[in-house]
Amino acid sequence: MFLNNLQRINRSAAAISVSALVSLSLSLSLSTLLAFSTAAPARAEAELFSKLSFKEAKAKAEQEKKLLLLDFTATWCPPCQMMERTTWQDAELKAFVEANAVAVQIDVDKDQSTTSKLGVRAMPTLVLFKPGSEEELGRKLGYTQAAELLRWLEGAKSGKSADELKDESDSSSFNGLLSRFGEVQENMKSGKYAEALTDLLWLWKNAEGGEGPLKMMRFSLLPASMHKLLGVYPEAKPKLEELRDSAEKSGKRNEWAILNGVLGDDAKTLAWFDKAKLDPAGRAEIEKSEKALAPVIFSSQRYADAAQFLYPDALAKVNEQYKRCQKLKNPGPDTEVSKDFNPFPNSIVLVYAAYLGAGRADDVAKIKAECIKLDASPQMKEVLEKIEKDMSEAKAGSPNNATVKPVKKP
């Protein structure tokens, strides 16, 4: 449903391995976002859904002037199963639905006709229709908590428009934002590029200041979609340039660098970097912006710069990543993650690659030892070996790999 990797812009074939390292590290964003709803409890159909067909439910909703709520689900869909166990068991939500809506669950494998007719491509998808009407009020994609869903339904019952419901619902939670991002992908597939741009700009604004998965969405998935959209819809460029210029004026260096990448203006980022690394204040800002700068620095094969200025204290960075990933593995009582979810190995990819590329052997040994001390899993060892192999090939100057270019230290 979502993008697989954040692809950088205008990279030559000579940088395949290095780009792969960057993509591997940034793919943590996707794996993290999707891991939060991958546990698979046994399915038990909620009592509030009627056994009516879509046609019968629509007729009943029209006759009784009630909302029509469709829940597109599948037996193999973990987030759907999670909603069965949590959302659909909420007493307040059940009472509201029973009094104000006709609710039907549609198994996408058993009722492919309705699924296709309504253009449903991802599960779970909730589709809501206006009381007594065939007018669609809105959709929700992905796992939705009871409180969020209840607010959405109450808003629809009160007479709010489809646009009002969409904006209020999507901005109220991470799941709402993720649902809106799903709509971006659907609009892209359908060629509705202007709508996709509107949603991306809205998401960029409303995801600002978030942490954890929300921050990953804003700094990884959204730029990837912006770049993809720009490739097929050049009309998006003025709006994206406006975002970039606004970020620069506001001193938001992370956003500015990311949007430079979207627009193919990495040369601007490198020019700023080369100036900033010459003074202490600039170096401090570089460290703060390392996630946004890393793809640009690595794609330019500037490993010495990456090690010295992005990750000057590699062991501290490794431990910082470990603590952050431990929190991601234990997000809270309202969120489930897969038992085998382990984001830590991928999170250290660029740190390790930087020191390997820079030829700092003593530091490489210390970083490797620290990583294995914190996580001796086969996954960690596999990731470390993969980085070593790719960087060795890059240094050897293989035809399909980048060569290391020494960079003078200031």
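Residue-by-condition table, conditions (1) crowded, with 18+ Cβ neighbours inside 10 Å; (2) part of a helix (DSSP H, G or I); (3) touching a helix residue (DSSP H, G or I) at 6+ places or on another chain (Cβ under 8 Å):
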| site | (1), (2), (3) |
| --- | --- |
| A95 | no, yes, no |
| V102 | yes, no, yes |
| D109 | no, no, no |
| M123 | yes, no, yes |
| G138 | yes, no, yes |
| Y143 | yes, no, yes |
| L149 | yes, yes, yes |
| G159 | no, no, no |
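For the structure I just gave you, tell me whether K252 is over 25 Å from S190 (Cα atoms) and either buried (at least 22 other Cβ atoms within 10 Å of the Cβ) or charged (D, E, K, R) (or both).
Values: over 25 Å from S190 (Cα atoms): yes; either buried (at least 22 other Cβ atoms within 10 Å of the Cβ) or charged (D, E, K, R) (or both): yes.
Yes, satisfied.
Return the only residue of A281, A292, A276 being without any contact (Cβ under 8 Å) to a residue 12 or more places away in the chain and surrounded by 18 or more Cβ atoms within 10 Å (Cβ to Cβ). Walk me through how you get there before you give the answer.
On the way: A281 fails: surrounded by 18 or more Cβ atoms within 10 Å (Cβ to Cβ); A292 fails: without any contact (Cβ under 8 Å) to a residue 12 or more places away in the chain.
Sole residue among the options that is without any contact (Cβ under 8 Å) to a residue 12 or more places away in the chain and surrounded by 18 or more Cβ atoms within 10 Å (Cβ to Cβ): A276.
Out of D245, D266, D305, I need the residue that is free of Cβ contacts under 8 Å to residues at least 24 places away in the same chain and either surrounded by 20 or more Cβ atoms within 10 Å (Cβ to Cβ) or more than 19 Å from M391 (Cβ to Cβ) (or both). Which one? Write out each step before concluding.
Working: D266 fails: free of Cβ contacts under 8 Å to residues at least 24 places away in the same chain; D305 fails: free of Cβ contacts under 8 Å to residues at least 24 places away in the same chain.
The unique qualifying residue is D245.
Check every one of the helices (runs of 4 or more DSSP H) wholly within the range 244-310 and list those with 1 or more residues that are over 22 Å from L197 (Cα atoms), among the basic types (K, R) and in contact with a Pro (Cβ under 9 Å, 6 or more places away or on another chain). Reasoning before the result, please.
Working: elements: 253-263, 266-276, 280-288, 290-299.
Those helices (runs of 4 or more DSSP H) span 280-288.
Okay, residues lined up against (1) within 13 Å of F49 (Cα to Cα); (2) over 27 Å from the mean Cα position of the chain (by Cα); (3) touching a residue at least 40 places away in the same chain (Cβ under 8 Å):
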residue: D71; (1), (2), (3): yes, no, yes
residue: M82; (1), (2), (3): no, no, yes
residue: D90; (1), (2), (3): no, yes, yes
residue: A95; (1), (2), (3): yes, yes, no
residue: K110; (1), (2), (3): no, yes, no
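Quick check on the range 81-92. Is at least one of its residues surrounded by fewer than 14 Cβ atoms within 10 Å (Cβ to Cβ), modelled with pLDDT of 90 or more and assigned to a helix (DSSP H, G or I)? First the steps, then the outcome.
Our first condition is that a residue be surrounded by fewer than 14 Cβ atoms within 10 Å (Cβ to Cβ); within the range 81-92, this holds for 91-92.
Those left that are additionally modelled with pLDDT of 90 or more: 91-92.
Keeping just the survivors that are assigned to a helix (DSSP H, G or I) gives 91-92.
Taking every residue of the range 81-92 in turn, at least one turns out to be surrounded by fewer than 14 Cβ atoms within 10 Å (Cβ to Cβ), modelled with pLDDT of 90 or more and assigned to a helix (DSSP H, G or I).
If I go through the range 204-243 residue by residue, how many of them are modelled with pLDDT of 90 or more and in a helix (DSSP H, G or I)? So that I can check it myself, show each step before the final result.
Pass one, the range 204-243, residues modelled with pLDDT of 90 or more: 204, 222-243.
Narrowing the set further to residues that are in a helix (DSSP H, G or I) leaves 204, 222-232, 234-243.
Total satisfying the criteria: 22.
Evaluate the following for D163: is it more than 23 Å from M216 (Cβ to Cβ), at pLDDT 80 or above, surrounded by fewer than 23 Cβ atoms within 10 Å (Cβ to Cβ) and not basic (K, R)?
Judged against the criteria, D163 is not a match.
The values are calculated or read from the model by the stated rules, or taken from the named source; none is laboratory data. Since we're looking at a predicted model, the values are computed, not measured. Methodologically, a virtual Cβ is constructed for each residue, glycine included, from the backbone with ideal geometry; neighbour enumeration extends over all protein chains shown.
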